[in-house]
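Working notes for the structure below.
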Amino acid sequence: MAATLTGRNTKLRDDLIRLLGAERVMDSALERHLYAKDAGVYRGNPTVVVMIETTEEAAQVVRTARRHGVPVVARGAGTGLSAGAVPEVGGVVLVTTRMNRIEEIDAENHTAWVGPGVINLDLSRATTPFGMHFAPDPSSQSACTVGGNIACNSGGPHCLSEGSTVNHILALEVVTDTGDVMIVGSGAPDPVGLDLRGIIVGSEGTLGIVTRALVKLTPNPPDVRTMAVAFATIEDAAATVSGIIAAGLIPAALEMMDQLMMQAIENWLHAGLPVEAGALLLAEVTGVTEAVEAEAEMIAGIAQSNKALSVQVAASPAERELLWKSRKSAFGAVAQAAPDYYLHDTVVPRTRLVEAMRQVYEIGQRYQITMMNVFHAGDGNLHPLMAFDASEPGRLDEVKAAADELVELCVEKGGVLSGEHGIGMEKRHLMPLLFTEMDLDAQARVKDAFDAEGVFNPGKVLPEGSRCFDFGRPVPEGAWV
Amino acid sequence: MGYQTPYAPTRSELSSCIQCGLCLPHCPTFRLTGKETDSPRGRLTAMTAVLDGVTGIDEVFTETISFCLGCRACEPVCPSMVPYGRTLEGARAEISAHKGGVLRRLRGWIMESWLGSPGIMRAVTWATALVQRTGLARIAPRRVRSGLRGLRRIGWRTPSLRGRTFEPDRAPVATVGLLTGCIMGPWFAEVHQASIAVLVRAGYRVVVPSGQTCCGALAAHDGAADGAGRLAVRNAAAFRGVDYVVANAAGCSAHLKDYRHWVPGDALSDDWRVRDITELVADAVEDGRLPRLEGGRGTVALQHPCHLRNAQRIINQPRVILEAAGYQPADIDPVCCGAAGFYSILRPDTSSRLGRDKADEIRRSGAALVASANPGCEMQLRSHLVGEYPVLHPVELYMQALSDATESRA
Ligand SMILES: Cc1cc2nc3c(=O)[nH]c(=O)nc-3n(C[C@H](O)[C@H](O)[C@H](O)COP(=O)(O)OP(=O)(O)OC[C@H]3O[C@@H](n4cnc5c(N)ncnc54)[C@H](O)[C@@H]3O)c2cc1C
Ligand code: SF4
Ligand code: SF4
């Protein structure tokens, strides 16, 4: 593929207009500018943007782009935080928001075929009458698409008990680099052969375009208790988390936020959060009523023995919703602290949560960056949020340096690079921290098997030089290929 | 490049958007097209792009901003509290300043000079009454015809309320100044009558200042910013001395609450306080100054005007009033009905699509009548419900219930 294609490409555009009509092809300066970015901080440069409505159109767009030697970058709602949908080197941005049909809900088998542009929460709303929902619940669920969830293998508070997106996808229809259509996976829970479905999920648009998905639906629990527990310190809250897990409980969700975060959310939502407390733990248990009540009591007991300041149980569905809304609006509320934010996503082993937190605050102090914290405490997935003002010269670079330190810190503690937001451009350069050359080479060869010419989302996930043969360099000494 | 007028969206307003995208699914235009250009985030990014000189005020920018309904559904869902409505008014003012054009100037002139003039409004009212009583409506163009279908039956002449004062029968709780508005006075005379009666009953002294004029919302939303500013200054002077300014059209009360942006500092009294009538009446019900009447009046479809719900976050008050009137309110999905001020005239296709959806939803609700606290929405709903349901202001429904109760006791 050609290296950079930043300008317009009128020939390509005209071909695409012939295919889709002018209303669905955008390449004015402003339109390209609006599609240059997702919810993260990086900006790319789209050559042209297309709105597709069918699988066949997606296939034809891929073929057309390939003919012109231009890459294709899929995009859902653009709520990604790691620049996955950012066309770094130009290309056709293929937008799926119009492929938002929930085709059929199989209430008996708890499955549904859906378009990739279906909004996560819309899917759960549509399946509510059948007593079911789509389990992955990223905080952006009111806006992000199922296609984006699949590509990023997204998780959310309830993935503690339900697992991330990959556990809820049975089959995918995918447009390949040749513009052909294949189905991977099947309705069967454990398909035979190599699990290509598992490879496509989490591939961040680098292996193909997902045009339909067979999703697994989860029955709504018969009963639920959601509790908000306030603590004087993060340490007490973290000790409670460890206590809960050690007691053999697996709550449906276990989330934590610090005081700064609570204050920002409360300022907007007026949800009655205990803003004087140092930390808040949100715990949710689900199941049959007796079990739920017993577990809630156990959690309250563990919290009390770890010096909880207060334990509040949501008394109504409305109260529960408000608690979750406060948790899920955390990222947005940061902007009240400073005009720009950088949301990080790393994982540490749960046992090292407290020391990791301490170091996070320490990094913040050193760089003079406001650190606000909200995280999936149950699985050690940290989301330190850095609030800053990008218009201050040099600030962005400092923030990026701080971010790298954060990741290094977590990896050092035996954690991983990303809990759920994906690698994209953001963490590509950090991959070697976690993977050996051989690991990276194996991943690069998977990429080559699906997309040898690099049609899809070039430059994402894998750092340059991942392939042992990348750019014609000789095999590194000692490498086993 | 960049912006030219003092109304332009500012850097700090725009940079409060962190582009999280959480507003996207709540935006009716994004729901229609799925395009970033038709989303709140896209529009804010576009405004920033012009501010930064990345693009100019070109066709694409103008289309992006014009397609916006101004429904502000993106505001209450934004955790970053971006003042979207303000930036939209600024962007529209910039487009007007940049484009000029005969039609646009004509529109600006109508919105300031016609809407601001009681004489012209009387003449328009007379002509409309004539059209309603003859077959003339049938030969009118489609856009006008559907507008006419949305009107109440208009009287030939409505006696003016201006300059009058209405006293309660006890020491007044407060003095409120009623905005009669541009077209509300003659076209929605019954709403004013009900408003005054209910407010007086709740213990308010109601004055109707004679120097008042159109609130300027329509002008502001259309980018006729200078005219909107002049109208606002006149009202700021006319309403001096009242405890609250009260309006019974959600679009007007929302705009009056925004006067700090439109009136230079010293021209607006420090205690400029505005209430929508639904706030005052619901408060009075809750304080026991107005009675809760017997139930059993049936189900009423409660439409939530965008400028009540999104701009003023008034959500519960209309429900309180309807329940006090003895109705069972059924909430209608708060998505914009498509009236959106002049939008219905400027972009009839989008407007009627949203209007039709809203009408269908009302039909499904099982209600026998509809309550709406904004005249623009009321007209849109009536027009799309083609006479199937009465559409009234919640305060009117309360007033009716109140007089029924009084009669039955007598
Ligand atoms: C406020 C906020 C909160 C968030 N909270 C969470 C959270 O709790 N958990 C979490 O995991 N993430 C979270 N995210 C990140 C983000 O919302 C998720 O990654 C989401 O799944 C992205 O979906 P999208 O539709 O916006 O995808 P986009 O941003 O449009 O795209 C993301 C990636 O998916 C690819 N892609 C999209 N559609 C397709 C397709 N049809 N075929 C192939 N590739 C495709 C793109 O190329 C890109 O690489 C949050 C983001 C925000 C702004
Ligand atoms: S307007 Fe608010 S909700 Fe929408 S993208 Fe900007 S910050 Fe997010
Ligand atoms: S005001 Fe309404 S139409 Fe305009 S961007 Fe906001 S939600 Fe969309």
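Data table
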{"quantity": "Among residues of the stretch B:4-22, those that are within 14 Å of ligand 2 (Cβ to nearest atom), of a type in the set (S, T, N, Q) and under 21 Å from B:Val60 (Cβ atoms), counted", "calculated": "1"}
{"quantity": "Residue in the stretch A:430-441 that is modelled with pLDDT under 85, within 28 Å of A:Arg350 (Cβ to Cβ), more than 16 Å from ligand 1 (Cβ to nearest atom) and hydroxyl-bearing (Ser, Thr, Tyr) present", "calculated": "yes"}
{"quantity": "A:Ala283 being away from ligand 3 (no atom under 16 Å from the Cβ) and free of Cβ contacts under 8 Å to residues at least 24 places away in the same chain", "calculated": "no"}
{"quantity": "Selected residue (criterion: nearest to B:Leu24 (Cα to Cα)) from residues of the stretch A:105-136 that are among the charged types (D, E, K, R) and within 14 Å of chain B (Cβ to nearest Cβ)", "calculated": "A:Asp122"}
{"quantity": "Residue tally, condition more than 11 Å from chain A (Cβ to nearest Cβ) and either within 16 Å of ligand 1 (Cβ to nearest atom) or open to solvent by 40 Å² or more (accessible area, probe 1.4 Å) (or both), over the stretch B:1-22", "calculated": "6"}
{"quantity": "Residue list for the stretch A:372-399, restricted to those being away from every other protein chain (no Cβ under 14 Å) and free of Cβ contacts under 8 Å to residues at least 24 places away in the same chain", "calculated": "A:Pro393, A:Gly394, A:Asp397"}
{"quantity": "Residue that is nearest to the other protein chains (Cβ to nearest Cβ) [pool: residues in the stretch A:325-340 that are closer than 20 Å to B:Cys74 by Cα and open to solvent by 20 Å² or more (accessible area, probe 1.4 Å)]", "calculated": "A:Pro339"}
{"quantity": "Single residue of the stretch B:100-120 satisfying the filter (in a loop (DSSP other than H, G, I, E, B) and under 21 Å from the mean Cα position of the chain (by Cα)) that is nearest to the other protein chains (Cβ to nearest Cβ)", "calculated": "B:Leu115"}
{"quantity": "Residue count, the stretch A:27-36 (criterion: in contact with a helix residue (DSSP H, G or I) (Cβ under 7 Å, 6 or more places away or on another chain), facing chain B (nearest Cβ under 7 Å) and not aromatic (Phe, Trp, Tyr))", "calculated": "5"}
{"quantity": "Hits in the stretch B:100-114 (condition: touching a helix residue (DSSP H, G or I) at 6+ places or on another chain (Cβ under 6 Å) and open to solvent by 80 Å² or more (accessible area, probe 1.4 Å))", "calculated": "B:Trp114"}
{"quantity": "In the stretch A:279-304, the residues that are of a type in the set (A, V, I, L, M, F, W, C) and open to solvent by 50 Å² or more (accessible area, probe 1.4 Å)", "calculated": "A:Val288, A:Ala294, A:Met298"}
{"quantity": "Flag if A:Pro157 is open to solvent by less than 20 Å² (accessible area, probe 1.4 Å), in contact with a Cys (Cβ under 8 Å, 6 or more places away or on another chain) and away from every other protein chain (no Cβ under 14 Å)", "calculated": "no"}
{"quantity": "Qualifying positions in the stretch B:102-120 - farther than 25 Å from B:Trp156 by Cβ and among the aromatic types (Phe, Trp, Tyr)", "calculated": "B:Trp109"}
{"quantity": "Count of the stretch A:248-263 residues which are open to solvent by 10 Å² or more (accessible area, probe 1.4 Å) and within 24 Å of A:Ile369 (Cα to Cα)", "calculated": "3"}
{"quantity": "Any hit, the stretch A:97-116, residues being closer than 29 Å to A:Met26 by Cβ, near ligand 1 (Cβ under 8 Å from one of its atoms) and over 19 Å from the mean Cα position of the chain (by Cα)", "calculated": "yes"}
{"quantity": "Flag if A:Glu276 is assigned to a loop (DSSP other than H, G, I, E, B) and open to solvent by 10 Å² or more (accessible area, probe 1.4 Å)", "calculated": "yes"}
{"quantity": "Pairs, first touching a residue at least 12 places away in the same chain (Cβ under 8 Å) in the stretch B:228-243, second of a type outside the set (A, V, I, L, M, F, W, C) and in a helix (DSSP H, G or I), C-beta under 6 Å, six or more apart", "calculated": "B:Ala232/B:Tyr259"}
{"quantity": "Selection within the stretch A:308-351 - assigned to a helix (DSSP H, G or I) and within 19 Å of the chain's Cα centre (by Cα)", "calculated": "A:Trp324, A:Lys325, A:Ser326, A:Arg327, A:Lys328, A:Ala330, A:Phe331, A:Gly332, A:Ala333, A:Val334"}
{"quantity": "Single residue of the stretch A:364-412 satisfying the filter (of a type outside the set (Gly, Ala, Ser) and assigned to a loop (DSSP other than H, G, I, E, B)) that is most open to solvent (accessible area, probe 1.4 Å)", "calculated": "A:Gln368"}
{"quantity": "Residues satisfying the stated conditions in the stretch A:80-98, i.e. of a type in the set (D, E, K, R) and either free of Cβ contacts under 8 Å to residues at least 40 places away in the same chain or at the interface with another protein chain (Cβ under 9 Å from one of its Cβ atoms) (or both)", "calculated": "A:Arg98"}
{"quantity": "Single unsatisfied condition, A:Val184 versus (1) open to solvent by 40 Å² or more (accessible area, probe 1.4 Å); (2) without any contact (Cβ under 8 Å) to a residue 24 or more places away in the chain", "calculated": "(1)"}
{"quantity": "The stretch B:302-352, subset at pLDDT 90 or above and among the charged types (D, E, K, R), residue surrounded by the most Cβ atoms within 10 Å (Cβ to Cβ)", "calculated": "B:Arg309"}
{"quantity": "Residue that is surrounded by the fewest Cβ atoms within 10 Å (Cβ to Cβ), among those in the stretch B:187-215 that are under 28 Å from B:Arg86 (Cα atoms) and free of Cβ contacts under 8 Å to residues at least 60 places away in the same chain", "calculated": "B:Gly211"}
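The values are calculated or read from the model by the stated rules, or taken from the named source; none is laboratory data. Here the structure is a predicted model, which means the values were calculated and not measured. Methodologically, a virtual Cβ is constructed for each residue, glycine included, from the backbone with ideal geometry; neighbour enumeration extends over all protein chains shown. Side chains are part of the model used for accessible areas, which takes the heavy atoms of the whole protein and leaves out ligands, DNA and RNA. Shrake-Rupley method; radii C 1.70, N 1.55, O 1.52, S 1.80 Å.
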